[in-house]
Amino acid sequence: MSSTGITPHISHKLDDDLEALRNQVVHMGQLVAEQVENAVTAVIKGDANLAREVIDREGEVDAREMGIDRMCMEMIAMHQPAAGDLRFIIGSIKTINDLERMGDRAMEVAKAAMRLAAEWGGDGDTSRVEAIWATVREMVVGAVDAFARLDAERLVTMARQDEAIDSDHEEVMRGLMDGMVNDARRITPTLELMRIARTLVRIGDHATNICEHVVFLVHGKDLHHASAAEVAAELKGR
């Protein structure tokens with residue numbers, strides 16, 4: 001097996017290109033994970049300068065996506081890959097699409113962080129958002145690691161975490177609404193926190209999608225929209 005987990009070829013050029021592709025996707029994933037981390041940190045610390053850095057770096061994420069997409073198109077044209085190799089390239093394209101969207105979500109959070117910093121002056125209660133973030137952070141890092149290792153089994157854990165944050169989100173929204181009703185002065189910042197909470201859930205969805213892409217490129221199975229129990233049963237049966 002080659003280092004990508006794909007069968008090696010008579011010509012090492014395709015092997016080298018597949019490995020270069022995986023490295024580029026992982027590097028993009030690390031950049032996006034950093035962007036998301038900084039955006040949420042900006043919310044928690046009320047750091048408008050850090051939020052501005054996230055917004056300013058959004059172009060880097062877009063540039064990486066376009067570069068990797070171009071690399072994939074060139075590989076398909078040059079090598080005319082089949083079977084697992086083609087799945088790997090297609091799965092990579094799907095993965096960078098979700099990473100780019102995660103980058104967009106990070107920018108949304110950063111913009112909200114700037115508005116909150118202006119509203120609260122860096123001294124607001126973000127504890128409810130932090131509760132969701134604890135799980136989403138693990139999901140973002142886990143998704144990048146799953147792609148790097150071609151770890152299809154990671155989807156089992158990811159699907160369970162995705163279901164958990166959906167439940168946590170409902171509880172967080174109820175708590176935020178209760179606080180807003182009890183104190184009208186908190187309406188504007190609370191609405192921002194609600195938007196951030198929803199955005200974090202969407203980031204978790206993208207992380208789950210990436211693990212689904214890994215299952216596709218490794219096993220050729222489409223487990224999109226499968227429940228955690230269905231994912232576990234499907235992968236256990238391999």
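What the table shows:
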{"item": "Any hit, segment 143-166, residues being touching a helix residue (DSSP H, G or I) at 6+ places or on another chain (Cβ under 6 Å), of a type in the set (Lys, Arg), over 12 Å from LEU200 (Cβ atoms) and modelled with pLDDT of 90 or more", "result": "yes"}
{"item": "Any helices (runs of 4 or more DSSP H) falling wholly within segment 16-133 and containing at least 3 residues that are at pLDDT 95 or above, closer than 20 Å to LEU193 by Cα and under 19 Å from the mean Cα position of the chain (by Cα)", "result": "48-56, 83-120"}
{"item": "Exclusive hit being over 25 Å from THR126 (Cβ atoms), of a type in the set (Val, Ile, Thr) and at pLDDT 90 or above, set ILE203, ILE196, ILE210", "result": "ILE210"}
{"item": "Tally, over segment 142-164, of residues that are farther than 18 Å from MET102 by Cα and of a type in the set (S, T, N, Q)", "result": "1"}
{"item": "Among the residues listed as HIS225, HIS219, the single one being within 23 Å of ASP104 (Cα to Cα) and either small (Gly, Ala, Ser) or at pLDDT below 90 (or both)", "result": "HIS225"}
{"item": "Segment 74-95 residues that are closer than 16 Å to GLU212 by Cα, paired with ones that are surrounded by fewer than 18 Cβ atoms within 10 Å (Cβ to Cβ) and of a type in the set (D, E, K, R) (beta carbon under 7 Å, 6 or more apart)", "result": "ILE93/ASP69"}
{"item": "Odd one out for LEU193 among (1) farther than 25 Å from PRO81 by Cβ; (2) within 17 Å of the chain's Cα centre (by Cα)", "result": "(2)"}
{"item": "Inter-residue pairs, beta-carbon under 8 Å, first over 14 Å from ASP151 (Cα atoms) and in segment 213-230, second assigned to a loop (DSSP other than H, G, I, E, B) and modelled with pLDDT of 80 or more, 6+ apart", "result": "GLU230/LEU223"}
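The values are calculated or read from the model by the stated rules, or taken from the named source; none is laboratory data. Model, not experiment: these values are computed from the prediction. Every residue, glycine as well, gets a Cβ built from its backbone with ideal geometry; the counts of neighbours run over all protein chains shown.
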